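Everything on this sheet refers to the single structure shown next.
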């Protein structure tokens, strides 16, 4: 049966690419209110696309950007999957670094493959269209899907998903399903698709330290007067111990151990930490010395400084003692760590190290706990098998990133979510010249046919 | 004799202020080539002013901005003083913080006093005009000065004095004198003028640390990949020990002890370290714990961070691991410390702490050794006495600042330089709304009459 459907996919490439390009051309930047009408236009386009495939589908208003909800009924008693994707994109800035127009997708030859270049080509329009096109091909070839599929497309993923939890609660009955499939993640390597079963959590803070009541001249006041940049750097440096661990009291207290089953599986992955670092021009892992690169990346909590500013940064020199210094930092969290507890002990750590005549203000930014799909979910194996049908192999893996919606979906719907994606690490998502490999789009679409087939047999 | 001259000063205030205002109106910003013609106009104005007083004076070209050189011959056998000042100014930026036009001086009431507000009103146009006006009043009242005076006005002090050493060498014969008077410094407090006998040295560096070959996403690469900001802050924090000392190996090796005579004199100064810090909103001295605030400010070497930049500093958060991070830092030096040795051991300190896969580049900026006028110069006491004639008191003192031209003058001319000035610590030199107290201008001008009188009796 799948043979006819796969053939249909292979013979409709131009039409499928044309549809993806239509969607990428809509600049659905969710964080910038100037694009609000475009975001809605993308939602309308998706609802129409689903209806064109025979689905009941419509656009649902929220207090922010709308959701698209669609349903394709399968045979009675067949499994019911909810497919999640997001149709909003990051801003294209900095525009001057794009080699092509961000919202005018192009197909460019790249070695043995091609790149689909454009904002959202990978994250997440290309990804969500692999599933939509798999369903379309199945229906076109067979008239009907072998399982019941609901579609949920969000328009606020890139700007915080503020409306999602409330919408999920309100629509929980309509969204009831057996398993959620989320397509917003990477493959393990360019030849190995993966089910991602672990995500790190996240907590971000902005910190501002102030000393004297004005900027001072270092000749007249230097040495005796507190320098806000010295205070800030001393505090930031104290966050990491020389062995690469995070040096905040109690930071590791609640870290849940990695399940033996998972740890064992990972030791078998052909992951080369040296090569991973060499590909970005590095050769010394910066995290905890007693952990492998893979552990540092996928499960170990960490602390990163994303930006520091303060004082003079123009040409030449200016002998100023700045009265204020600022930084943006974040922690990636392991399973078990409560983001708000980490925020609290971080603040305590800073306050304890602050000179008595200096002040600090904190601005809380986003947070989300880590997420882990415990081994044993009955859909993991069929999905892995479906992926292997197309690629000859597949694996479970972790990722160091944080995708807060996964936890939100699980919490609201009471079923597990499986993260499957066909993106590669070099897709430049959120950066200029974002691209999706044509092979990701083609083999990704074919993969879903196998996955749908495998899941339908679980019924 | 001085009574007539002082009276002449008191009765010519409007004319004297008008001349100072003329000079302040010329935007002689030396660092910005756009102002080159204005810098020359200020030089021409000064040469004409000196000639108007009967001096031989002209403008001397250099490879940079010109020097003004003038001579007023006194009685045979009288002491010969060389007076140094600079007629160039700092840029007025940031313009939006000025309450008046920077180059349109105004006289504003301020408590019992007035403020002369404008760029250069204090540094150094107001200061150099106190001496010029004292000479003018003396000549107008008595026909002739009681000593020989040469004037040297520089136009590059605010931009590095590149032409000064060469000019001093070339013109050494013409500049031969018994003592140099430099008017570019502060009073001890608003009621106590001072001869500054110690200046700290200076060495400035810009440092740039790089890690990976591109910016990275902290979810995908964080923990394992070196973060340039983490590396930089760790290194910068290592420059200071918890006890406030500079933690570079060998940093204090060559620090010359403060002469007992000087240390004893300073213990008698009515300096209140707590009040000094309270005036800028602080209460905990940041330097070496076993040193007084005065020692920390005036003689102890130190390290300051003037600016840090790297990563993301816009609104919200961006989970970037920056591949580059930068800082501007400088050291103030004690007598005995060689600036280039300090630069070298700083660089060694940084390189030793750099992770093996990160890189650092250093950019050398300005440097100058510390300077100290050893007790025993025969002109110190007459100058102190002259100042006390006007103010009822005077003192020697140190300053934490660095004025490289003082050492350059001494080295080239083989005589001591005495730093005397009437500026106050709150003059906002180099900052918006620079001001000179009218009392500094008035009593400063009168002070020079007494000082000239006292020195003339040393013959």
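Can you tell me which residue among A:192, A:197 is more than 17 Å from the chain's Cα centre (by Cα), farther than 28 Å from residue A:54 by Cβ and away from chain B (no Cβ under 14 Å)? Answer to the selection: A:192. Residues considered: B:152, B:236. Of these, the only one that is buried (at least 24 other Cβ atoms within 10 Å of the Cβ), more than 30 Å from residue B:259 (Cβ to Cβ) and either in the same structural domain as residue B:381 (by TED's automatic domain parsing) or modelled with pLDDT of 95 or more (or both) is B:236.
Just checking, which of B:381, B:410, B:365 is modelled with pLDDT of 95 or more and either under 30 Å from residue B:170 (Cα atoms) or surrounded by fewer than 17 Cβ atoms within 10 Å (Cβ to Cβ) (or both)?
Details: B:410 fails: modelled with pLDDT of 95 or more; B:365 fails: modelled with pLDDT of 95 or more.
None of the other options fit; the residue is B:381.
Would you tally the residues in the stretch A:296-315 being more than 7 Å from every other protein chain (Cβ to nearest Cβ) and out of contact with any helix residue (DSSP H, G or I) (no Cβ under 9 Å at 6 or more places or on another chain)? Steps first, please.
Taking the stretch A:296-315 as the starting set, the residues that turn out to be more than 7 Å from every other protein chain (Cβ to nearest Cβ) are A:298-299, A:301, A:303, A:314-315.
Narrowing the set further to residues that are out of contact with any helix residue (DSSP H, G or I) (no Cβ under 9 Å at 6 or more places or on another chain) leaves A:314-315.
Residues flagged as more than 7 Å from every other protein chain (Cβ to nearest Cβ) and out of contact with any helix residue (DSSP H, G or I) (no Cβ under 9 Å at 6 or more places or on another chain) within the stretch A:296-315 amount to 2.
Please go through the stretch B:328-352 and pick out each residue that is facing chain A (nearest Cβ under 8 Å) and in contact with a helix residue (DSSP H, G or I) (Cβ under 8 Å, 6 or more places away or on another chain).
Our first condition is that a residue be facing chain A (nearest Cβ under 8 Å); within the stretch B:328-352, this holds for B:328, B:330, B:332.
Within the stretch B:328-352, B:330, B:332 meet the criteria.
Is it the case that the stretch A:389-405 has a residue that's over 15 Å from residue A:192 (Cα atoms), at pLDDT 95 or above and either crowded, with 18+ Cβ neighbours inside 10 Å or more than 22 Å from the chain's Cα centre (by Cα) (or both)? Looking for residues that are over 15 Å from residue A:192 (Cα atoms), at pLDDT 95 or above and either crowded, with 18+ Cβ neighbours inside 10 Å or more than 22 Å from the chain's Cα centre (by Cα) (or both), one finds none in the stretch A:389-405, hence no. Every condition in (1) surrounded by 20 or more Cβ atoms within 10 Å (Cβ to Cβ); (2) over 30 Å from residue A:82 (Cβ atoms); (3) more than 7 Å from every other protein chain (Cβ to nearest Cβ); (4) touching a strand residue (DSSP E or B) at 6+ places or on another chain (Cβ under 8 Å) holds for residue A:225 except the one numbered (3).
Would a scan of the stretch A:105-124 turn up a residue that is crowded, with 20+ Cβ neighbours inside 10 Å, under 23 Å from residue A:54 (Cβ atoms) and touching a strand residue (DSSP E or B) at 6+ places or on another chain (Cβ under 6 Å)? If you could, list the steps in order and put the result at the bottom.
To start, the set of residues in the stretch A:105-124 that are crowded, with 20+ Cβ neighbours inside 10 Å comprises A:105, A:115-124.
From the residues that got through so far, the ones that are under 23 Å from residue A:54 (Cβ atoms) too are none.
Checking the stretch A:105-124: not a single residue is crowded, with 20+ Cβ neighbours inside 10 Å, under 23 Å from residue A:54 (Cβ atoms) and touching a strand residue (DSSP E or B) at 6+ places or on another chain (Cβ under 6 Å).
Across the stretch A:370-387, the number of residues qualifying as in contact (Cβ under 8 Å) with a residue 12 or more places away in the chain and out of contact with any helix residue (DSSP H, G or I) (no Cβ under 6 Å at 6 or more places or on another chain) comes to 9. The residues in the stretch B:271-295 that are in contact (Cβ under 8 Å) with a residue 12 or more places away in the chain, at the interface with chain A (Cβ under 7 Å from one of its Cβ atoms) and farther than 21 Å from residue A:311 by Cα can be counted, and the count is 1. Output the residues belonging to the stretch A:204-213 that are more than 7 Å from every other protein chain (Cβ to nearest Cβ) and either surrounded by fewer than 24 Cβ atoms within 10 Å (Cβ to Cβ) or closer than 22 Å to residue B:371 by Cα (or both). Scanning the stretch A:204-213 gives A:205, A:206, A:207, A:208, A:210. Screening the stretch B:93-188 for helices (runs of 4 or more DSSP H) wholly inside it with 2 or more residues that are under 28 Å from residue B:34 (Cα atoms) and in contact with a helix residue (DSSP H, G or I) (Cβ under 8 Å, 6 or more places away or on another chain) returns the ranges B:125-142, B:164-170. Residue A:418 meets the conditions (1) under 30 Å from residue A:331 (Cβ atoms); (2) at pLDDT 95 or above; (3) surrounded by fewer than 18 Cβ atoms within 10 Å (Cβ to Cβ) in every case but one. The failed one is (3).
Any idea which of A:246, A:231, A:255 is under 25 Å from residue A:338 (Cβ atoms) and surrounded by 20 or more Cβ atoms within 10 Å (Cβ to Cβ)? So that I can check it myself, show each step before the final result.
On the way: A:231 fails: under 25 Å from residue A:338 (Cβ atoms); A:255 fails: surrounded by 20 or more Cβ atoms within 10 Å (Cβ to Cβ).
Within the list A:246, A:231, A:255, the selection yields A:246.
From the list B:378, B:355, B:432, exactly one residue is away from chain A (no Cβ under 14 Å) and part of a loop (DSSP other than H, G, I, E, B). Which is it? Talk me through it step by step, then tell me what you get.
Details: B:355 fails: away from chain A (no Cβ under 14 Å); B:432 fails: away from chain A (no Cβ under 14 Å).
One residue alone meets the criteria, B:378.
Among residues of the stretch A:57-94 being without any contact (Cβ under 8 Å) to a residue 40 or more places away in the chain and under 17 Å from residue A:172 (Cα atoms), the one that is surrounded by the fewest Cβ atoms within 10 Å (Cβ to Cβ) is A:61.
Taking the stretch A:335-347 as the region of interest, how many residues are part of a helix (DSSP H, G or I), in contact (Cβ under 8 Å) with a residue 12 or more places away in the chain and either touching a strand residue (DSSP E or B) at 6+ places or on another chain (Cβ under 6 Å) or surrounded by fewer than 19 Cβ atoms within 10 Å (Cβ to Cβ) (or both)? Before you say what the answer is, go through the steps one by one.
First, pick out the residues of the stretch A:335-347 that are part of a helix (DSSP H, G or I): A:339-347.
Applying the additional criterion that residues be in contact (Cβ under 8 Å) with a residue 12 or more places away in the chain yields A:339-343, A:345-347.
Filter once more, so that each one left must be either touching a strand residue (DSSP E or B) at 6+ places or on another chain (Cβ under 6 Å) or surrounded by fewer than 19 Cβ atoms within 10 Å (Cβ to Cβ) (or both): A:339-343, A:345, A:347.
Total meeting the criteria: 7.
Within the span defined as the stretch B:21-34, one or more residues are at pLDDT 95 or above, out of contact with any strand residue (DSSP E or B) (no Cβ under 7 Å at 6 or more places or on another chain), more than 14 Å from every other protein chain (Cβ to nearest Cβ) and under 30 Å from residue B:173 (Cβ atoms).
Applying the set (1) more than 7 Å from chain A (Cβ to nearest Cβ); (2) within 29 Å of residue B:263 (Cα to Cα); (3) crowded, with 22+ Cβ neighbours inside 10 Å to residue B:323 leaves exactly one unmet item: (2). The requirement of being surrounded by 23 or more Cβ atoms within 10 Å (Cβ to Cβ), modelled with pLDDT under 95 and more than 29 Å from residue B:373 (Cβ to Cβ) is not satisfied by residue B:316.
The values are calculated or read from the model by the stated rules, or taken from the named source; none is laboratory data. Since the model is a prediction, treat every value here as computed from it, not as a measurement. Here Cβ is always computed from backbone atoms with ideal geometry, including for glycine, and neighbour counts include all displayed protein chains.
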